[in-house]
1. Return yes or no: is Ala172 farther than 29 Å from Glu209 by Cα and small (Gly, Ala, Ser)?
2. Considering region 99-140 alone, what residues qualify as being closer than 13 Å to Leu29 by Cα, open to solvent by less than 40 Å² (accessible area, probe 1.4 Å) and among the small types (Gly, Ala, Ser)?
3. Can you pull out every residue in region 261-272 that is in contact (Cβ under 8 Å) with a residue 24 or more places away in the chain and either open to solvent by 30 Å² or more (accessible area, probe 1.4 Å) or among the β-branched types (Val, Ile, Thr) (or both)?
4. Being touching a Pro at 6+ places or on another chain (Cβ under 7 Å) and either within 14 Å of Leu19 (Cβ to Cβ) or in contact (Cβ under 8 Å) with a residue 60 or more places away in the chain (or both) is the filter; apply it to region 49-86 and report the residue that is surrounded by the fewest Cβ atoms within 10 Å (Cβ to Cβ).
5. When you go through Glu241, Glu220, Glu212 one by one, which is the residue that is of a type in the set (D, E, K, R) and either closer than 23 Å to Leu367 by Cα or modelled with pLDDT under 95 (or both)?
6. Met247 - would you say it is closer than 30 Å to Val146 by Cβ, over 20 Å from the mean Cα position of the chain (by Cα) and not in a loop (DSSP other than H, G, I, E, B)?
7. Pick out the one residue from Ala87, Ala50, Ala59, Ala41 that is within 30 Å of Arg376 (Cα to Cα), in a helix (DSSP H, G or I) and either in contact with a helix residue (DSSP H, G or I) (Cβ under 9 Å, 6 or more places away or on another chain) or among the aliphatic types (A, V, I, L, M) (or both).
8. Output yes when any residue across region 36-46 is open to solvent by 30 Å² or more (accessible area, probe 1.4 Å) and of a type in the set (A, V, I, L, M), and no when none is.
Amino acid sequence: MSATGFPDTTAGVAPPLWLLAELTYRCPLHCVFCYNPLNYAENRNELSTAQWIDVMQQARKLGAAQLGFSGGEPLLRDDLEELIGAAHGLGYYTNLVTSGIGLNESRIARMKQLGLDHIQLSFQDSTREMNDFLSSTKTFDLKSRVAALIKRYDYPMVLNVVLHRYNLDHVARIIDMALAMEVEYLELANTQYYGWGMINRAHLMPTREQVEHAEAVVNEYRSRIGNQMKILFVVPDYFEERPKACMNGWGSVFLAIGADGTALPCHAARSLPGIRYPNVTDYRIEDIWRRSNAFNQYRGDDWMQEPCRSCDEKKKDFGGCRCQAFALTGDAAAADPVCAKSERHGDVTKIVMHARSKPVAELQPILFRTDANSQRFF
């Protein structure tokens, strides 16, 4: 045992390549599918500027090459520009993941000057009414102005729209909106059901017909527009026969640091019980990444149960998503039930069929991400 309290083994652990800095859980939006912790309102602690710079220095020394500034809404941090400059100086490729709220010409000009490489802007839908409903804000027009600002400052236009029951039927209009904005990359990422997405799953879960029709629309546009815009369409896990390689494997390439300094192997890892995630205020990044029990919990395949343990695809999908496995089975080490080989796959099939048969009007009220709703669960 090392002086850190972690085991002294580092064999076979490659360095992280991607660092996600979740600068704050504060956000002006109240999205119904937000992946941020349900109890975010209980913790307002945020790392200081100096602490974030120290985290970036340590992770870069360890091998991290790409850095995402996320949240909540990272633009709510007054020191964002200072952090961007520090990251650029360290040699990171930097990405700002934002709703656009708080971005103005003076700030984007400063970010450009300081070396920010990439901005990913989110919309909730192609119409003002649905965009503003899903975020419980009046932000569609503001987002549209920010999109134009991003183009004006010669950033690659990357647009993200989370898909679900309420907007899958609008995919053609979303693509048309993106084309009108001269978007280079459009990410149509179907909702992943954890965090607020899990709480609102019954409302957000689409029908299989919706998913198949939306995918057909995307393929038709791809054929028609060619290289004018790249469209990424991520099919929901619940509609697949095999799980995705979540984060390319637990503790493999992805290191997230929460607003309070908690180090996580994925965005939703706090949902798993019984794991004590180390904090960067207590431990060095290298010790956290290589030696902590939390980051070694689901590395390799010794932890796997059947059918994963003997599956010839385990090096491809790494057993699927641990957070999803826990949400659906109550056991984080279980085979991800979206896999047809799982004995619990029938549970996923029932959820999908339920979306087709149960009118949304009969469900529990939809819950927006607000402080009041955050506190009601704990």
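The values are calculated or read from the model by the stated rules, or taken from the named source; none is laboratory data. Just so we're clear, the structure is a prediction, and the values are computed from it rather than from any experiment. A quick note on method: Cβ atoms are made from the backbone with ideal geometry, for glycine too, and the neighbour counts reach across all protein chains shown. Quick note on the areas: whole protein, heavy atoms, side chains included, nothing else; ligands and nucleic acids left out. Shrake-Rupley method; radii C 1.70, N 1.55, O 1.52, S 1.80 Å.
1. no
2. Ser99, Gly100, Gly102, Ser122, Ser135
3. Answer for region 261-272, where residues must be in contact (Cβ under 8 Å) with a residue 24 or more places away in the chain and either open to solvent by 30 Å² or more (accessible area, probe 1.4 Å) or among the β-branched types (Val, Ile, Thr) (or both): His267, Arg270, Ser271.
4. For region 49-86, the residue satisfying everything is Gly63.
5. When all the criteria are applied, what remains is Glu241.
6. For Met247, the condition - closer than 30 Å to Val146 by Cβ, over 20 Å from the mean Cα position of the chain (by Cα) and not in a loop (DSSP other than H, G, I, E, B) - is not met.
7. Answer to the check: Ala41.
8. Within region 36-46, one or more residues are open to solvent by 30 Å² or more (accessible area, probe 1.4 Å) and of a type in the set (A, V, I, L, M).
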